[in-house]
Each structure stands twice: as C-alpha cells, then as structure tokens.
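A short worksheet on the structure shown next.
The values are calculated or read from the model by the stated rules, or taken from the named source; none is laboratory data. Note that this is a predicted model, so its numbers are computed, not measured. Cβ coordinates were reconstructed from backbone atoms using ideal geometry, including for glycine residues, and neighbour counts include every protein chain displayed.
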C-alpha cells in the first residue's frame, strides 16, 4: 500500500504535485531517511538541483554524499500521478511507493506527521489541517510543534478575534 497524498490536501496547501513531491523529498532527506540521490528522485529533479534547493532552504547538505546505487535504484519515478477524479479535471494524487517508504524506514503515519509539520511550518496548512494530516488532535499536534521549537502562527488579526471572543464571554 503506497502512501497517498489526496487531491484534498493538494487543494488545501495550494501546492502543485511537483511542489508537494519536493516537500516530501526534503523531509525524507532532512530527517536522514534517504540519501540525497534518492530524495532527488522523489522530488523529480537532478541531484545537484535538489542539493541547491536544500541549501536555499538552509537545510544542511552533504555535498560529498556518495551515490548509493541500491538506495536510489528505481526511485526516479518515485512520485507518480494517478487520476482519482473525473478525467480532464487536472487533479490527481501523488503516490509514494512502498519501495521508497521501505528505503526511508517510515510508516505512513510517520511520513504524514513529518509532512504535516513541514507544511505547517511553511504556512501551507493551518494548525487544524496539519493536525488532521498527522492524524492527531490540535493539542497533541501543538505539543509536537513545541517539542520541535516550531512557533505557532498567531498574528494580530487572530489576537483581536480572541479578545473579541473574551469580551463577548465576559459581557454575558
């Protein structure tokens, strides 16, 4: 059973399949689950291009990372497109094959959690949507973010809404 990213998630993040594949590849590489060549295959880009992308995101890159023929074997097509909706609608679901998941040593739940954290950190998903993707409630997901020193996205508009709610409750 391959790890599947639904169309619903693609729409919620406003990312293309390519961008989501790149996010997944970055997670797998950054967490030390795949060597750079295999992660570049998941991202559907060349190794050097992927290394430059990692560097631009301040992810430590081992430029001398040796090519592991076994780990990267066959992973150039690791993220594929399958149409689950009506033909011609242009949407599909990115799929991470079992072979990649096994090479990364991740369960579906592990990858979903890692992806949720990254997408929340990059402000592509709200706390609620990220928690849903991770299969956790908001409080547990928030604790996970705190453990990883990832700040909550809380701006002045949200603060004003919270104050308005408190005023309304106090006025009752």
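Taking residue 26 as meeting all but one of (1) touching a helix residue (DSSP H, G or I) at 6+ places or on another chain (Cβ under 8 Å); (2) touching a residue at least 60 places away in the same chain (Cβ under 8 Å); (3) closer than 18 Å to residue 129 by Cβ, write down the number of the exception.
Only one criterion in (1) touching a helix residue (DSSP H, G or I) at 6+ places or on another chain (Cβ under 8 Å); (2) touching a residue at least 60 places away in the same chain (Cβ under 8 Å); (3) closer than 18 Å to residue 129 by Cβ is unmet by residue 26, namely (3).
Could you please let me know if residue 94 is outside any loop (DSSP other than H, G, I, E, B), buried (at least 18 other Cβ atoms within 10 Å of the Cβ), within 16 Å of the chain's Cα centre (by Cα) and at pLDDT below 85?
It is true that residue 94 is outside any loop (DSSP other than H, G, I, E, B), buried (at least 18 other Cβ atoms within 10 Å of the Cβ), within 16 Å of the chain's Cα centre (by Cα) and at pLDDT below 85.
In the list 123, 132, which residue meets the criterion of being out of contact with any strand residue (DSSP E or B) (no Cβ under 8 Å at 6 or more places or on another chain), over 15 Å from residue 30 (Cβ atoms) and either loosely packed, with under 12 Cβ neighbours inside 10 Å or at pLDDT below 85 (or both)?
Matching residue, one of 123, 132: 123.
Among the residues of the range 14-41, count how many are part of a helix (DSSP H, G or I), surrounded by 17 or more Cβ atoms within 10 Å (Cβ to Cβ) and modelled with pLDDT of 80 or more.
17
Does any residue in the range 8-19 that is closer than 16 Å to residue 43 by Cα come within less than 7 Å, Cβ to Cβ, of a residue that is exposed (fewer than 15 other Cβ atoms within 10 Å of the Cβ) and at pLDDT below 80 six or more places away or on a different chain, and which pairs are these?
That search, which allows pairs on different chains as well, returns 17/81.
Select, from 53, 48, the only residue that is at pLDDT 85 or above and surrounded by 13 or more Cβ atoms within 10 Å (Cβ to Cβ). Step through it out loud before you land on a result.
On the way: 48 fails: surrounded by 13 or more Cβ atoms within 10 Å (Cβ to Cβ).
The match here is 53.
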